[in-house]
Amino acid sequence: MKRVVITGIGIYSCLGKNLDEVAKSLYAGKSGIGIDPMRTEYGYRSPLTGIVERPNLKGVLDRRARVCLSEQGEYAYVATAEALQNAGVDMDYLSNNEVGILYGNDSSAKAVIEAHTIAMEKKDTTLLGSGAIFQSMNSTVTMNLSTIFKLRGVNMTISAACASSSHAIGLGTMFIRSGQQEMIVCGGAQETNYLSMSSFDGISAFSVRVDEPTKASRPFDASRDGLVPSGGAATVILEEYEHAVKRGAKILAEVVGYGFSSNGANISQPSDVGSQVAMERALKDAGKGIADIDYVNAHATSTPQGDMFEAIALDSLFGSVRPLISSTKSMTGHECWMAGSSEIVYSLLMMQHSFVAPNINFESPDEYSKNLNIATKTTTKAIQTFLSNSFGFGGTNSALVVTKI
């Protein structure tokens, strides 16, 4: 079985527009959460969100490419351009070699709603614009990036709720292990506009701690009252080990384990059993024991039930070993479809700089989180191997194990 390594990463999030900015925010425990006035005007219970500035791609991409890009596609373009540069891969290489793309995305609400609004007002679908279809399809990110970057390998969008981009990396690992691809662009993207999250707000999923936005996302804390939505994009370049060595690439880490499961029960309720199955499968795939895990980037989104079930699973699996745990969602909010890939990037930055980012706003443990070794402040730590969890609606669970070579 072929080995799978990471040779490039890129990020565009509420913590920063590039790897350097994000690494500094992680170390400082800086929150990227704020208030979106348009959500209040639209009728949201909670106007809280991760604040992500739209990139200006005029002069970077031609007009036709820009017209076809959805909001999340713009974020994904910036993150992917950085990841490819980080991997030492240029357009000449992409044009002359087969590179695939597997990207997580599970909505494109803004494009669909705006197209519908034009049609209702004008009663003429020819006025929707030539880019509407390419922005509104769920595969908007992969179809645009594969065109822009001339990618000719596997080309698929992975839609698995908030585990989408973690599964994208896991599936990319399987494609490379089997020898079907040598390099794949993997990642996830999430739109942040006010139109994208109203249904979540409608089921009271969001925190209403509006008087203190930066303290609203409180994974594992007893006073948590809901998640804070966020977004952006994160890209991870996966590559077959021997191919990377031959290319002279700098190897950042190796993906050694991928685990998955489905709860097969309530459509919106998480499961400690399903979560643990995914983690155990990832560890088995990696050939690692619980004592080998130096750090866990928890899925913990700051919801009462979700954090509870994950805490139960983590305590059951790790017991007295007690690795350091934090949820970077305490700073970023829940980045939804991009969360699995962004948290791999965040964890890799911690690995590179030998620290564990804090689970900010964790002030009072509840009866489940009290047993966990949660990092409440930035902690100096040499990370050899980490585990990253991603769980989503419909009971889809994904876990990844990554190690330093």
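Laboratory data are not the source of any read-out in this text; all were calculated from the coordinates shown. Just so it is clear, the model here is predicted, and its values are computed rather than measured. Neighbour counts are summed over all protein chains in view; Cβ atoms, including those assigned to glycine, are modelled from backbone coordinates with ideal geometry.
Worth a mention:
- Among beta bridges from DSSP that stay inside the chain, the antiparallel ones total about 70%.
- Linear extension gain, residue 91 paired with residue 113, 0.36 nm per residue minus alpha-carbon span: 4.5 nm
- Within the shell defined by Cβ-Cβ distances under 11 Å, the residues around residue 404 carry a net charge of -2, with Lys and Arg each +1 and Asp and Glu each -1.
- Cα gyration tensor category, rounded, prolate or oblate, for the stretch 1-80 with a/c compared to 1.5: oblate
- About the centre of its Cα atoms, the chain shows a dipole size close to 540 debye [charges on the beta carbon of Lys, Arg (+1) and Asp, Glu (-1) only; nearest 20 debye].
- Each Cα pair under 8 Å and six or more residues apart adds its sequence gap; the mean of these over the residue count of the chain is a relative contact order of 24 percent.
- Applying 0.36 nm per residue to the separation of residue 124 and residue 367 and subtracting their alpha-carbon distance, the gain on full extension is 81.7 nm.
- FRET efficiency estimate (nearest 0.05) - Cβ-Cβ, residue 63 to residue 203, R0 56 angstrom: 0.90
- Computed over neighbours whose Cβ is under 13 Å from that of residue 161, the net charge equals -2, Lys and Arg +1, Asp and Glu -1.
- Length added when fully stretched, residue 377-residue 54, from 0.36 nm per residue minus Cα-Cα: 113.2 nm
- The protection proxy used here, the mean number of other Cβ atoms lying within 10 Å of each residue, ranks peptides 95-108, 171-184 as follows, highest first: 95-108, 171-184.
- With contributions of -39500 (n - 2.57) from each DSSP H run of at least four residues, the per-residue ellipticity at 222 nm computed over the chain stands at -10500 deg cm²/dmol.
- Per-residue Cβ neighbour rank within 10 angstrom, fewest leading, 145, 387: 145, 387
- Cβ crowding within 10 Å averaged over residues, with 69-82, 324-337, 360-373 ranked highest first: 324-337, 69-82, 360-373
- Radius 15 Å from Cβ of residue 62, net charge of other residues (Lys, Arg +1; Asp, Glu -1): +4
- Protection proxy ranking, peptides 196-203, 43-50, 275-282, average beta carbon neighbours within 10 Å, highest first: 275-282, 43-50, 196-203
- Taking label positions 7 Å along the Cα-Cβ direction at both residue 291 and residue 273, the computed distance is 3.0 nm, reported to one decimal.
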